[in-house]
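One structure below.
The values are calculated or read from the model by the stated rules, or taken from the named source; none is laboratory data. Bear in mind the structure is a predicted one, so any value in this text is a computation, not a measurement. In this analysis, Cβ positions are derived from the backbone assuming ideal geometry, glycine residues included, and neighbour counts consider all displayed protein chains.
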Amino acid sequence: MAVKYRQTHINTNNNDSAWLLYFYSLPYLFSIIIKLINGEILHLVLVSAVCVAIVLSAVWMGTGLKNKNNYHARKYPNSTPFPMMFLASLIVGGATFVASWLIVGYNLFAGIGFGLAATCGCWLWYGLDPVKSKHISFSDINDSEKALEILQDSESMVLNIESASHKIGNSEMTQRLGKITSLAREVLGVLYQNPKKITKARRFLNTYLTGAESVVHRYAESHKDLTTQKLEENFREVLVNIEQVFADQHEKLISSDIFDLDVDIEVLNTLLKNQGIN
């Protein structure tokens, strides 16, 4: 169920852009032009290096912010993200130190002070990478890594559906998708408490969450053209089915009954095929 990486192109967050650092690089960009015109080669090299370092730190900070947001949005990550934000802050501090000392002409200690201030400013403005691990393991089942992977992949699809549902303009569809993702999270929560059931639920989760993703994608595409009443009814029928089945399976999980998975999966596959979504 190789789905976990799809979140990178669906989930977006306006807070992922380190725009302040890009803005911070602009004076150095203008300085490069001035140094080039004046033929100040040594200062040109230094200013160029500082500018590149700040732009690189902005890219890394944006990556770190995205990793941080994804980490906090997930309940079942197994490790903390690489500390991109911390490294970006250090680069900003180092670049500011070089600029203050070797370019502007402040003494060494003043340059160190400016560098430390820039680093601390980044920490205060952007924060730091997550440090508290949410490491999860199941000691009472044989294939614990596979069980965790199923939870993580399923959660990725839930996040994808939540993100995509906010972009469609139909309130009814958005509410139905919200109900589906809420039920899906409840199912994942019960499975987390009963890990021996996870592998048995893999095909069910993959089929129904992928079906919900497909509905969102097709519905969004259909809005590029004039959406017909029949098409609206088709999507509604699929979502009602998915919502009902998730509610039923959640109840079965709580009562420890056996899944009736194959029947449910065939019903959805037939429905998706009839509606031209599968």
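Before moving on, here are some points about what is shown:
- Residue within region 172-179 that is surrounded by 23 or more Cβ atoms within 10 Å (Cβ to Cβ), over 18 Å from residue 235 (Cα atoms) and modelled with pLDDT of 85 or more present: no
- Residue list for region 58-80, filter: touching a Gly at 6+ places or on another chain (Cβ under 9 Å) and surrounded by 17 or more Cβ atoms within 10 Å (Cβ to Cβ): 65, 68
- Members of region 150-171 found to be of a type in the set (D, E, K, R) and surrounded by 19 or more Cβ atoms within 10 Å (Cβ to Cβ), listed by number: 153, 155, 162
- Applying the criterion of being polar (S, T, N, Q) and not in a helix (DSSP H, G or I) to the residues of region 95-145, the residue that is modelled with the highest pLDDT is 107.
- Among the residues listed as 184, 201, the single one being part of a helix (DSSP H, G or I), at pLDDT below 85 and either assigned by TED's automatic domain parsing to the domain that holds residue 217 or surrounded by fewer than 22 Cβ atoms within 10 Å (Cβ to Cβ) (or both): 201
- Figure legend. Inter-residue proximity from region 102-113: first residues more than 22 Å from residue 44 (Cα to Cα), second residues surrounded by fewer than 16 Cβ atoms within 10 Å (Cβ to Cβ) and among the small types (Gly, Ala, Ser), beta-carbon distance below 8 Å, spacing 6+ or different chains. No pairs are indicated.
- Residue check: residue 265 meets all listed conditions (1) at pLDDT below 65; (2) exposed (fewer than 15 other Cβ atoms within 10 Å of the Cβ) but one, namely (2).
- Residue 79 part of a helix (DSSP H, G or I), outside the structural domain of residue 184 (by TED's automatic domain parsing) and touching a residue at least 24 places away in the same chain (Cβ under 8 Å): no
- Unmet criterion (only one of (1) assigned by TED's automatic domain parsing to the domain that holds residue 194; (2) within 30 Å of residue 200 (Cα to Cα)) for residue 171: (2)
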